[in-house]
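Novice: Below: one structure in structure tokens.
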Amino acid sequence: MQRRKKRPRTRLRERYERRFYEILRELSIPLVILHFTLAAGTLGYMWLSGGDFINSFYMTVITIGTIGYGEVVRGSDSTAGRIFTTFLALGGIGVFTSTITVIARVLFKEELQNLWRRLSMMNAIDKLEEHYILAGFDEVTAELARLLERRGVPFVVLDDTREGLARIAARQLPYYLPEPPFEQETLLAAGIRRAGGLVVNLGDDARNISIIAVARLLRPGKDDFSIYSFASSPENAERLEELGANRAFYPGRMVAGRLAAYLFHPESDYLVTLFDRLAFGEETDVDLLEVAVEEGSPWAGRTVGELRAELGVNVVALRRPDGRLELDLNDRLVVKPGSRLLLFGRAARLEKLRERLEEAHEHA
Amino acid sequence: MSTRKLLTDFFVLMALTTNVSFVVNPNGIELFITVVTNLAATLLKVGEGRILSAELMATGLVADLHLIPALYFFYTGEPAESVSLAWGALAANVVSVLLVVIDTVLKSSVEDE
């Protein structure tokens, strides 16, 4: 018998659910009072009519609901009936209107609606796999989110600062959690166990370190879970890499590097921007892909010319096992195991090749 | 002693006792009071924050969903059907009372720790 996939329970979800029911609890006492008013009215009319439940209940509802169609129950047009209806209307109308007011106030409470939205969002996050977690949402991460959206890569944003939340609201992001990103329960709720990577940008190296440490405890393998972090200086970038980040970036150096590329190649502006667009996912039709040719791979031992013809993409560069980069590739060059190939071609074609290669490596 | 807990526990027990009195001696007033006490118990269980609150709520809803049709059948001329539904509700109410006892024991042992 196939077992149903169990949805992971996180403490954050339990906290949201508990708060959700705590708010709903405000409804219970007014509803109980309304319930007993209805019950008292129905019982009274049942006593007057000799047990006519349906009409007694109906008469109570139209009396306390201020509808007042008339005396539809036998006995309600007697003196005793009219005295009873008078007191029921005097007490019941107040109970009815105040209960409706409480229900409207509770159901339209912003906190209740936010909790409901967050719980539905967490249900959607539970279905994500190989997604990215963006911890901290400043201008740079917002731009990264735009590029991920463009590529159709799912991501979950974590930010609890006022500025971050304002930016999230303006962008109408599909998945976000307004909770402290460095807490374990937030990372678990963001689906860190199924995620492909984490981008850390909390604007402060100490906070960046704490989230990297928590994330690495949950996902120790650098190969199956990548952590990319921002750093405030090149030295701190190195430390963050030693502490568990796959790569840590000093933004100043990155921007300077890109600017230098433009300055050094003023005539090849199109080429520089093309590589930018490729690298940053702006050029969605064509792409670059770097693949490793492992021992036993179907590509190992083949010539570059054969691979170019068979794969239908261009092999633009090859990094030899000793680290040497070959750019001027001859068609007769044999691809040795341990090499890395840089392929250039249609994005859809490259994606298929990558999947085929992964399958071949799994079977090897 | 919490007043809210006292009120909820009172109606949970009252739901069971009125339910028993209806199945022993089926009549309209008894059934109506059973429905009233059951619905009150269910409303009071919302957001109570007990250890077994989900289980308590579920048993309360089961009893209500037996008793409301029972009320309908009783007043549309099928009292036998109504009594059998009330037996179903009685089973749920017994479980409900047991859960209240278990919850209280669990809560006191958690507090002791």
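Novice: What does the helix-only formula give at 222 nm for the protein assembly as shown: each DSSP H stretch with n ≥ 4 adding -39500 (n - 2.57), the total divided by the residues, and the result rounded to the nearest 500 deg cm²/dmol?
Specialist: It lands at -20500 deg cm²/dmol.
Novice: Report for the protein assembly as shown the percent antiparallel among DSSP-assigned beta bridges with both residues inside it, nearest 5. Could you put the intermediate results ahead of the total?
Specialist: Details: 16 of 33 bridges.
So the antiparallel bridges amount to about 50 percent of the total.
Novice: In the protein assembly as shown, what is the volume of the convex hull around the alpha carbon atoms, normalised per residue and reported in Å³?
Specialist: Looking at the protein assembly as shown, the number lands at 245 Å³ per residue.
Novice: I need to check one value: relative contact order of the stretch A:12-107, counting alpha carbon pairs closer than 8 Å and at least 6 residues apart, in percent.
Specialist: Answer for the stretch A:12-107 is 32 percent.
Novice: Counting only C-alpha contacts under 8 Å and six or more residues apart, can you give the relative contact order of chain B as a whole percent?
Specialist: Numbers: 123 pairs, mean separation 33.3, N = 113.
Taking the mean separation of contacting Cα pairs over the length of chain B, I get 29 percent.
Novice: A further question follows. Provide Rg and Dmax in Å for chain B, with only Cα atoms included in the calculation.
Specialist: Using the Cα atoms of chain B, the pair Rg, Dmax is 14.7, 55 Å.
Novice: Moving to a separate point now. Let me check against my output: what whole-number percent is the relative contact order of chain A, with C-alpha pairs under 8 Å and at least 6 apart?
Specialist: 10 percent
Novice: Note the full-extension length gain between A:TRP47 and A:ARG258 as 0.36 nm times their separation in residues minus their Cα-Cα distance, in nm to one decimal.
Specialist: Net length gain for the segment: 67.2 nm.
Novice: Then there is this: Which trypsin sites (Lys or Arg not before Pro) does the stretch A:180-216 hold that lie in a coil by DSSP with at most 16 other beta carbons within 10 Å?
Specialist: Answer in residue order: A:ARG193, A:ARG194.
Novice: Assuming R0 = 51 Å, what is the FRET efficiency of A:THR79 and B:LEU61, from their Cβ-Cβ distance, to the nearest 0.05? Could the numbers behind the result be given before it?
Specialist: Working: r = 42 Å, r/R0 = 0.82.
Efficiency for this residue pair is about 0.75.
Novice: Another one. Net charge around A:THR85, counting only other residues with Cβ within less than 10 Å of its Cβ (Lys, Arg = +1; Asp, Glu = -1)?
Specialist: Result for the neighbourhood of A:THR85: -1.
Novice: ³J(HN,Hα) across the stretch A:118-132 via Karplus (A = 6.51, B = -1.76, C = 1.60, θ = phi - 60°), whole Hz, x for Gly/Pro?
Specialist: 5, 5, 5, 5, 5, 4, 5, 5, 4, 8, 6, 9, 6, 8, 10
Novice: Among A:LEU263, A:ALA347, A:SER78, whose Cα projects farthest towards the positive end of the dipole of chain A, with charges put on the beta-carbon of Lys, Arg (+1) and Asp, Glu (-1)?
Specialist: A:SER78
Novice: Here's another thing I want to ask about it. Which is farthest toward the positive dipole end of the stretch A:12-107 among A:GLY51, A:VAL106, A:TYR16, measuring Cα position about the Cα centre, with Cβ charges +1 (Lys, Arg) and -1 (Asp, Glu)?
Specialist: So the residue we want is A:TYR16.
Novice: Moving to a separate point now. Give a residue-ordered list of calculated ³J(HN,Hα) values for the stretch B:61-74 (Karplus: 6.51 cos²θ - 1.76 cosθ + 1.60, θ = phi - 60°; whole Hz; x for Gly, Pro).
Specialist: Each residue's phi maps through the Karplus curve to give 5, 4, 4, 4, 6, 8, 6, 5, x, 4, 4, 4, 5, 4 Hz.
Novice: Let me ask another. State which entries of A:LYS109/B:LYS45; A:LYS127/B:LYS5; A:LYS222/A:LYS336 exceed 31 angstrom in Cα-Cα distance in the structure shown.
Specialist: A:LYS127/B:LYS5
Every number here is computed from the coordinates shown, using simple stated rules; none is lab data. Bear in mind that the values here come from a model prediction, so they are computed numbers and not experimental data. Ideal geometry is used to build each Cβ from the backbone, glycine not excepted, and the neighbour counts take in all protein chains shown.
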